[in-house]
Amino acid sequence: MNLLVCVKHVPDTETAVRINLDDKSIQTQDVNFILNPYDEYAVEAALLLKEANGGEVTAITMGPDAAKKTLRTTLAMGADKAIHIACEHTADSGATAKCLAKAIKENDYDLIFCGKQAMDIDNAQVPVMLAEILGLPNISAINKLEVADGKATAHREFEGGVEVVETSLPAVISCHKGLNDPRYASLKGIMMAKKKPIEDSGCSCSVPDIEVVKMEYPPQRSGGKIVGEGVAAVSELVRLLHEEAKVI
Amino acid sequence: MTDLYHIDSLFSEEELMVRDTTRELVENELMPGVRDWNREGRFPVEMAAQFGELGILGATLDAYGCAGVSYNAYGLMAQELERCDSGFRSFTSAQNGLVMYPIYHFGSEGQKEYWLPKLATGEAIGCFGLTEPDFGSNPGGMITTARQEGHEYVLNGVKRWITNGTIADIAVVWAKLDDKIQGFLVAKDTPGFSAPEIEGKWSLRVSVTSDLYFDECRIPEYNLLPEAVGLKAALMCLNQARHSIAWGVIGAAIACFEEALEYSKTRIQFDKPIGGFQLVQAKLAQIWTDITKAQLLCHRLGSLMDAGTAQPAAISMAKRNNVAMALNTARVCRDILGASGIVDDYHAIRHMNNLESVYTYEGTHDIHTLILGEKLTGIPAYK
């Protein structure tokens, strides 16, 4: 099977985000970037399918040059080759989907995997947009997958139940926690990744569809308020929680 | 830890990937269990297979299923393992430097083909028997003997303080054959060989430490390691392990430092975080500097090892300096944690206790001092 995994180079989830002086971007210095955690499930899903059915796994990302590091992580996990689209508009889901679609159209993939969302922007839009542009069916946020006889059957979990969805191939599938247990990049895989190719693909979006106007920090937490003591304070506490904090 | 000197930029991308993948495994598989394993005094032997799968075992060898990473990558890997516990790094230092290395360098083709793939996957565990109850810093005085009888060698003697002994499938054992030190392979369950665990340790509790007893233990002739001749061969293995120790202890020091720094920012006394007091800042500033210096020393050592130009004294310098640094760091951090520092909810005291062993094993601090002294003056001061 010819399998594709769309991945994103994102700041480690433990990063303390600092905003640049332009108020429109975050400081990347001293920030550790990693393979987006949801994309790990996508990579693993593709690798498992390849191991079961044969074929090839390609990883693709759109992002700055530094994003090649994340591609090499996928190669170290076991992907066969990678495509890098040099583009800075990674906060724009539409631009990202268009760029990916252009590179994808040049190849015939049986299945395109994505993580359900990227942990930096958290839009959860690219997989759906990508499927729409490519004219392919899409199943979002799956946690179980079976592929057989040219069809994919996937489970989507929601509160109190499971939805079972079937689609023809090719299709775009976005992956959720629970789908599998992503493997670690082995030391051997890391050494072999050096010899695997990363193809450079041009960016096709000259102007982004959206613009980041401003970034700001959440308001500083102020100190607590003591409403009173004992039973007498309860009604005032409830009123404040209801009317001011609006949490009950 | 903030990388003030951009030390990360000294490493290749692959080397950093080796570090990060090891860190991920350590965070997910080892950190959650380490407190309990330490309390129980148990090495989680099931982790050997996971280490093997990642490629930690025999990582620097470029054959027999091993990855062939650089010494600096191997060092970063040791650092991440010891960030959790010196016991895990000890396990791999023994398996890699003291078992796989001598089989690879001193073994016959048959020995390599049989043992190295099994040791690389973690299917087999190895140990290294050099130290004896009465011969620690002076291994050349060993009294364990081997004699040839037909197509067998017969071993007699006792080894002590042997990492992995009780859980090992194969032991690399040094004994005197016609008064010359010689390395042998002894498989577990060989009649006359037993390896009981040493009880009562208050240090390296997550590592298995054993005695090895040889009582008319007969091994086949082909279990002699052909090239493992003389004390020099044994010391070559120790140099491998010492390199990984010099690196590993940085991980223990970083773990203690990060924990103490975080604590100093959140622990309020006299209405402000204790990290706001000059005495605490002085401690933090010093250990941050000490760790950074140790990292630079190790990066250079790894580069020399990769180039094949690291002198034994250079390895001694790094082992001596870095273990002392880590032990001091652990003690200072234990102090910053106050009373909390004496319970195992925090890592400092476990690292501190572990590092007492690391200070002593693989050449004591004092022996490494004398190696440097001899290198400087040309006069050995060991006796």
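Listed here are the strands (runs of 3 or more DSSP E) enclosed by region A:155-223 that have at least 2 residues being touching a helix residue (DSSP H, G or I) at 6+ places or on another chain (Cβ under 9 Å) and not aromatic (Phe, Trp, Tyr): A:171-175, A:198-201. Against the test of being touching a residue at least 40 places away in the same chain (Cβ under 8 Å), among the small types (Gly, Ala, Ser) and under 26 Å from residue B:38 (Cα atoms), the options B:195, B:234 yield a single qualifying residue, B:195. Among the residues of region B:95-105, is any surrounded by fewer than 24 Cβ atoms within 10 Å (Cβ to Cβ), more than 21 Å from residue B:367 (Cα to Cα) and within 14 Å of chain A (Cβ to nearest Cβ)? No, the conditions are met nowhere in region B:95-105. Selection of region B:191-233 for residues being buried (at least 21 other Cβ atoms within 10 Å of the Cβ), touching a Lys or Arg at 6+ places or on another chain (Cβ under 9 Å) and part of a strand (DSSP E or B) yields B:209, B:210, B:212, B:214.
So that you can scan it fast, the table gives a plain yes or no per residue for (1) in contact with a strand residue (DSSP E or B) (Cβ under 6 Å, 6 or more places away or on another chain); (2) within 30 Å of residue A:14 (Cβ to Cβ); (3) in contact (Cβ under 8 Å) with a residue 60 or more places away in the chain; (4) more than 14 Å from chain B (Cβ to nearest Cβ):
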position	(1), (2), (3), (4)
A:43	yes, yes, yes, no
A:57	yes, yes, no, yes
A:65	no, yes, no, no
A:71	yes, yes, yes, no
A:80	yes, no, yes, yes
A:103	yes, no, yes, yes
A:128	yes, yes, no, yes
A:135	no, no, no, yes
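Scanning region A:119-158 for residues that are surrounded by fewer than 15 Cβ atoms within 10 Å (Cβ to Cβ) and either within 17 Å of residue A:49 (Cβ to Cβ) or touching a Pro at 6+ places or on another chain (Cβ under 8 Å) (or both) gives A:146, A:148, A:149, A:150, A:151. Here region B:110-144 is the region considered, the condition is being touching a Lys or Arg at 6+ places or on another chain (Cβ under 8 Å) and within 19 Å of residue B:169 (Cβ to Cβ), and the residue that is surrounded by the fewest Cβ atoms within 10 Å (Cβ to Cβ) is B:124. Number of residues in region A:86-118 that are in a loop (DSSP other than H, G, I, E, B) and surrounded by fewer than 17 Cβ atoms within 10 Å (Cβ to Cβ) equals 4. In region B:64-77, which residues are closer than 20 Å to residue B:253 by Cα, at the interface with chain A (Cβ under 9 Å from one of its Cβ atoms) and in contact with an Asp or Glu (Cβ under 7 Å, 6 or more places away or on another chain)? Passing the criteria: only B:73. Any residue that is at pLDDT below 95 and closer than 30 Å to residue B:16 by Cβ - is there at least one of those in region A:218-226? There is no residue in region A:218-226 that is at pLDDT below 95 and closer than 30 Å to residue B:16 by Cβ. Taking region B:8-42, which residues are loosely packed, with under 15 Cβ neighbours inside 10 Å, within 13 Å of another protein chain (Cβ to nearest Cβ) and in a helix (DSSP H, G or I)? Across region B:8-42, the qualifying residues are B:8, B:9, B:13, B:27, B:28.
Yes/no matrix, rows are residues, columns are (1) in a helix (DSSP H, G or I); (2) at pLDDT 95 or above:
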{"residue": "B:65", "(1), (2)": "no, no"}
{"residue": "B:69", "(1), (2)": "no, yes"}
{"residue": "B:72", "(1), (2)": "yes, yes"}
{"residue": "B:76", "(1), (2)": "yes, yes"}
{"residue": "B:100", "(1), (2)": "yes, yes"}
{"residue": "B:104", "(1), (2)": "yes, yes"}
{"residue": "B:112", "(1), (2)": "yes, yes"}
{"residue": "B:115", "(1), (2)": "yes, yes"}
{"residue": "B:118", "(1), (2)": "yes, yes"}
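If the requirement is being acidic (Asp, Glu), at positive phi and modelled with pLDDT of 95 or more, which of these qualifies: B:259, B:216? Answer to the selection: B:216. Within region B:54-63, does at least one residue satisfy the condition of being part of a helix (DSSP H, G or I) and within 12 Å of another protein chain (Cβ to nearest Cβ)? Checked against the condition, which is being part of a helix (DSSP H, G or I) and within 12 Å of another protein chain (Cβ to nearest Cβ), region B:54-63 yields at least one hit. Answer yes if at least one residue in region B:263-283 is closer than 23 Å to residue B:317 by Cα and assigned to a helix (DSSP H, G or I), and no otherwise. No - not one qualifying residue is present in region B:263-283.
The values are calculated or read from the model by the stated rules, or taken from the named source; none is laboratory data. All figures in this text were calculated on a predicted structure; none of them were measured in a lab. Neighbour counts run over all protein chains shown; Cβ positions are idealised from the backbone, glycine included.
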